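FYI, it's all coordinate maths here, none of it is from the lab. This structure is a prediction, so every number in the text was calculated from the model and none was measured. All Cβ positions, even for glycine, are placed from backbone atoms using ideal geometry, and neighbour counts span all protein chains on display.
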Amino acid sequence: MKIILTGASALALSATALHAGGIERTQQSAMILYETGNVLEFSLGYANPSLTGKNIISRVPPVGAQSIDDVADGFWLPSFSVKYDVNDRLALALIYDRPFGADIAYESGNQPLGGTTAEANTNTLTALAKYQFDDNWSAFGGLRFQQAEGDIHLQGAAYGAVSGYEVNLDKTNGLGYVLGAAYEVPEIALRVALTYNSSITHDMDTKESGPLVDPDGPGPIPALPLLDGDSETEVKTPESWNLEFQTGIAEDTLLFGGVRYVKHSQFRVDPDNLDLVTGNGLIDLEDSTAYTLGVGRRFNDKFSAAISATYEAPGDDLVSPLAPTTGYTQLRLAGSYNVNEAVTVSGGVSYFWLGDAKPETGTPDVARADFEDNDSWGVGLKVAYRF
């Protein structure tokens, strides 16, 4: 019983930056190495998160809560990959994707966080090689080249004297690596693969600037020029572990899933002057573990489909305003159609239930807003050409 679900991808479109799984937008899977034959793939995904909430305002006399409009923008995820069999033992692959990112903006004037924004982008190119020891065991690894940049602006009464602070992190490059191994039983379509993705360090040229005036008063703040300056900030995109499996459970039916652990606590943005003045960094994320389970079915030689669910438990509900959610549940539907022996077109749709969270600014560690009942949806399309 050998089962092949060619192109029936379970698309893993992240809902938005800084949600649940931190800054992740893709899972950095290396499983293209296990595609049959030589293949070239082009993918395009789009995710549209909705993150709304209410401000928590503590004043005397009390002031009613203000609504916070959607702070997250939709984003596109282009990618491509190519896999080539050198011989029966050795396979090579090259993958381009955008694994991490952020696009958060609080509407100006919406106190106490109004005007706060964060934008970050990465571009990654991964070169991999797999060696097949025998029909059951294989190992793979390679290098990952990554480009990253970002801009963050803090605004609103919740930030106190640092409201108006801005930092630009110039585009820079970093190098990491991938290691993994897999066990397979081809007769029953069984494969269990473990992949380690290293963290990648970026030494980013940094320009910091502080506010010129007190947001609650007319005069300048003499101490705030201490926030101005140029320096270098070390930023790490986090390491991760992927445990991915699949197995045939009936003729033309596949059970698949995985566990993904990401060490988000490695991702810190601590510019020198802000850290010196406030003792706080800009982002503080918790490590996360996500679990996926799904089933795929080949209905005929042309059409296959799959359904899967992913769950990540919520963490501490006090979060950064740049990450106003924690934990999520995701449902994915995907299908593929073999146009001919060479071309397969596949697509999928995802829906996310995002976990509730309460942004805080560390001044002090109390909730400044309340984000509840948020969601996201995503779609993706992939074209695969076998040669």
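Observations
- With a cut-off of 12 Å between beta carbons, the residues surrounding LEU90 carry a summed charge of +1, where Lys and Arg count +1 and Asp and Glu -1.
- In the chain, lysine pairs closer than 21 Å at Cα, eight or more apart or cross-chain: 9
- Working from Cα pairs under 8 Å separated by at least six residues, relative contact order for the stretch 220-281 is 38 percent.
- Kirkwood-based shape ratio for the stretch 236-387, expressed as Rg/Rh from alpha carbons: 1.11
- The stretch 56-202: relative contact order as a whole-number percent, Cα under 8 Å and 6+ apart: 17
- Nonlocal amide H pairs with SER138, under 5 Å, H built at 1.01 Å: PHE133, ALA182
- Note, ³J(HN,Hα) from phi for the stretch 319-324, Karplus 6.51, -1.76, 1.60, rounded to Hz, x at Gly and Pro: 10, 5, x, 7, 9, x
- Across the stretch 94-152, the volume of the C-alpha convex hull divided among the residues equals 104 Å³ per residue.
- Across the stretch 347-387, the residues whose backbone nitrogen lies under 17 Å from the label position 7 Å along the beta-carbon direction of TYR84 are 385-387.
- Alpha carbon centroid spacing (whole Å) that separates the stretch 81-106 from the stretch 250-297: 18
- With a Förster radius of 25 Å applied to the C-beta separation of PHE133 and LEU243, the computed FRET efficiency comes to 0.80.
- Protection proxy ranking, peptides 88-101, 157-170, average beta carbon neighbours within 10 Å, highest first: 157-170, 88-101
- Calculated FRET value between TYR385 and LEU333, using beta carbons and R₀ = 22 Å, to 0.05: 0.40
- Taking a sphere under 13 Å around the Cβ of LEU243 and counting the other residues whose Cβ falls inside, with K and R at +1 and D and E at -1, yields a net charge of +1.
- Kirkwood hydrodynamic radius of the stretch 325-387, from inverse mean 1/r over distinct Cα pairs, in Å: 14.7
- Assigned charges on the beta-carbon of Lys, Arg, Asp, Glu; the chain dipole about Cα centre (debye): 1380
- Within the shell defined by Cβ-Cβ distances under 10 Å, the residues around GLU184 carry a net charge of -2, with Lys and Arg each +1 and Asp and Glu each -1.
- Taking 0.36 nm per residue of separation and subtracting the Cα-Cα distance, full extension of the segment from GLU119 to TYR46 would add 24.6 nm.
- With contacts taken as Cα pairs under 8 Å and at least 6 residues apart, the chain reaches a relative contact order of 19 percent.
- Distance histogram in 10 Å bins (all Cα pairs of the stretch 109-221, percent per bin): 13, 25, 19, 16, 13, 9, 4, 1
- The Stokes-Einstein estimate for the stretch 230-320, based on a Kirkwood radius over Cα pairs and taken at 4 °C with 1.567 mPa s viscosity, is a diffusion coefficient of 78 µm²/s.
- Scaled against the 2.2 N^0.38 Å expected of a compact globular protein of N residues, the Cα radius of gyration of the stretch 269-349 reads 1.80.
- Ratio of Rg to Rh over the stretch 267-308 (Cα coordinates, Kirkwood Rh, two decimals): 1.54
- Cβ-derived FRET efficiency at R0 56 Å, GLU166 paired with ILE188, nearest 0.05: 0.50
- For the stretch 95-103, 3J(HN,Hα) computed residue by residue from phi via the Karplus equation (6.51, -1.76, 1.60; θ = phi - 60°) reads 10, 10, 7, 10, x, 10, x, 8, 7 Hz, glycine and proline entered as x.
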